[in-house]
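S.K.: Before I ask anything, here is the structure I am working with.
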Amino acid sequence: MFQAKVNKAFDARVTAVGDRLFGARIDSPDLDWRHRQDLMRCTPIAVPEAVAHSVAAYRDHFRLVYGAFDFAVTADDAWYFLECNPNGQWAWQPAEITDAVAHAIADRLQKGSEA
């Protein structure tokens, strides 16, 4: 599979648990931050409304309760969708994000199919 290279300023991971979204900005010297994670920096970031709507539409279409959505973000704040991993990892993110994601998952499990 081939993909156009986006001249990005940073990457973003949006972790969706139901309708709750948790954004993380990923700054890395590498095109793919996963190669040398010890060199990346991850900080919380707000998810733009248009991106939130698109994530919700994607999640609803594929009937996902959870998804890890990856984006490349350009200097002019354009968000380019790269992929959604329906079982993507999230525990590597800063504590303020991981704590919130863990609570959101626990809330969904507690509510079951009612949520």
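The values are calculated or read from the model by the stated rules, or taken from the named source; none is laboratory data. The structure displayed is predicted, hence computed values, not measured ones. In this analysis, Cβ positions are derived from the backbone assuming ideal geometry, glycine residues included, and neighbour counts consider all displayed protein chains. Note: areas computed on protein heavy atoms with side chains; ligands, DNA, RNA excluded. Shrake-Rupley method; radii C 1.70, N 1.55, O 1.52, S 1.80 Å.
S.K.: On full extension of the chain, what length is gained from Phe62 through Ala9, given 0.36 nm per residue of separation minus the C-alpha to C-alpha distance?
M.R.: That works out to 16.1 nm of additional length.
S.K.: Hey, for a label at Ala95 modelled as a point 7 Å past Cα toward Cβ, could you say which residues of region 12-47 have their backbone N under 15 Å away?
M.R.: So the set is 44.
S.K.: Here's something else I'd like to know. Order Asp19, Asp32, Asp99, most accessible first, counting only protein heavy atoms with a 1.4 angstrom probe.
M.R.: The ordering from most to least exposed comes out as Asp19, Asp99, Asp32.
S.K.: Still on this model: Which order do peptides 70-76, 11-17, 89-95 fall in by mean Cβ count within 10 Å, highest first?
M.R.: 11-17, 70-76, 89-95
S.K.: Something else: Taking the Cα centre of region 37-76 as origin, work out the dipole magnitude from +1 charges on Lys and Arg Cβ and -1 charges on Asp and Glu Cβ, in debye rounded to 20.
M.R.: 160 debye
S.K.: So, one more: Counting only heavy atoms of the protein chains, get the accessible area per residue of the chain (1.4 Å probe) and round it to a whole Å² value.
M.R.: Value for the chain: 64 Å² per residue.
S.K.: Right, something else. Nearest 10 degrees, 0 to 90: what angle lies between the long axis of helix 95-111 and the longest principal axis of the chain (Cα atoms)?
M.R.: Once rounded, the angle reads 30 degrees.
S.K.: Give me the percent of accessible area attributable to carbon and sulfur for the chain, probe 1.4 angstrom.
M.R.: Looking at the chain in its full context, I get 52 percent from C and S.
S.K.: Can you tell me the 0 to 90 degree angle between the C-alpha axis of helix 49-61 and the longest principal axis of the chain, rounded to 10?
M.R.: 60 degrees
S.K.: How about region 23-113: which trypsin sites (Lys or Arg not before Pro) there lie in a loop by DSSP and see at most 13 other Cβ atoms within 10 Å?
M.R.: Arg34, Arg36, Arg63
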